[in-house]
Amino acid sequence: MEYHPFVLRVRGARVLVVGGGGVGGRRAVLLASKGAKVRVVSLEFSQELLRAAERLGIELIEGGFGEARRHIPWASIVVIATPHTGEAEEIAREALKAGKLVNVAADHRLGNLLFPFAGESKGLLVGVTSLGVSGLAARRALEKIIELLDGDEEVECLLETHGRLKRLLFEVVEDSRLRMEVHTSLWNDAEYRRLCREGRVEEAMSRALEVARSVSGARL
């Protein structure tokens with residue numbers, strides 16, 4: 001598979017959305033709500049987008065593909081949310097050649113960036129994509145993952161105890177390689193993992209500190 005999932009912090013990113021209809025409008029609103037600077041070029045704009053533009057600071061520019069081309073140098077991310085046409089393909093190729101991250105809603109193969117179905121549970125961000133095969137399957141898979149995480153004591157224990165330990169290690173252990181050794185040792189520690197599976201948070205935290213002291217020699 002030529003794809004690999006990454007998580008991108010979009011706050012402050014400059015996003016050009018070509019097409020302001022249903023799909024383009026939703027993606028523009030989503031990205032702007034997460035702090036991106038969004039500029040939409042379109043011949044028409046959805047009601048959702050019109051309502052949200054002023055509130056979220058989305059810039060709306062009336063125009064077609066020719067106008068959109070003028071804004072490619074400004075953007076770091078280009079989202080093409082128009083029907084699949086030759087002009088849309090040309091915009092995608094031009095943006096890719098300019099080194100931009102490019103999402104093409106009508107055909108993900110024309111770009112290098114995908115929009116997964118995304119959700120959160122217990123501080124975990126989860127994204128699922130079927131690579132264009134079936135959005136329905138990807139959406140249901142996300143729902144099932146979130147349902148599983150919501151009732152999982154082991155994951156909650158790992159988040160709580162390992163999160164607390166990481167914060168402590170950053171304060172007292174300067175060597176990042178040594179910190180990584182602690183994390184690896186903790187993952188492989190059968191007692192710690194058992195306590196987390198049983199949801200025994202405080203006992204698991206005590207065990208995590210024992211492992212960290214043993215590996216790092218730090219006073220925790």
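Summary of computed values
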{"read-out": "Cross-link pairs beyond the 28 Å C-alpha cut-off, checked among 122/166; 97/122; 34/144; 34/122; 34/166", "value": "97/122"}
{"read-out": "Cα-Cα pairs of region 83-159 separated by more than 20 Å (percent)", "value": "48"}
{"read-out": "Cut-off under 5 Å, modelled amide H: who pairs with residue 40 long-range", "value": "17, 59, 60, 61"}
{"read-out": "Cα centroid of region 60-118 to Cα centroid of region 123-196, whole Å", "value": "34"}
{"read-out": "Packing-based order for 105-111, 16-22, using average beta carbon neighbours within 10 Å, highest first", "value": "16-22, 105-111"}
{"read-out": "Most fluctuating residue given options 115, 45, 170, as computed from a GNM of the chain linking Cα atoms under 10 Å", "value": "170"}
{"read-out": "Projected-area average for region 27-140 over all orientations - Cα convex hull basis, square nanometres", "value": "8.0"}
{"read-out": "Counting all C-alpha pairs of the chain, share separated by more than 22 Å (%)", "value": "62"}
{"read-out": "Debye, to nearest 20: dipole size of region 153-216, +1 on Lys, Arg Cβ, -1 on Asp, Glu Cβ", "value": "140"}
{"read-out": "Computed [θ] at 222 nm, helices only, for the chain once each DSSP H run of length n ≥ 4 contributes -39500 (n - 2.57)", "value": "-16000 deg cm²/dmol"}
{"read-out": "Relative contact order %, the chain, counting alpha carbon pairs below 8 Å whose residues are six or more apart", "value": "12"}
{"read-out": "Cβ-based exposure ranking for 192, 3, in which fewest neighbours within 10 Å come first", "value": "3, 192"}
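Every number in this text was worked out from the coordinates using simple rules, so none of it is lab data. Keep in mind that this is a model prediction, so the values were computed, not measured. Note: ideal-geometry Cβ built from the backbone for every residue, glycine included; neighbour counts use all protein chains shown.
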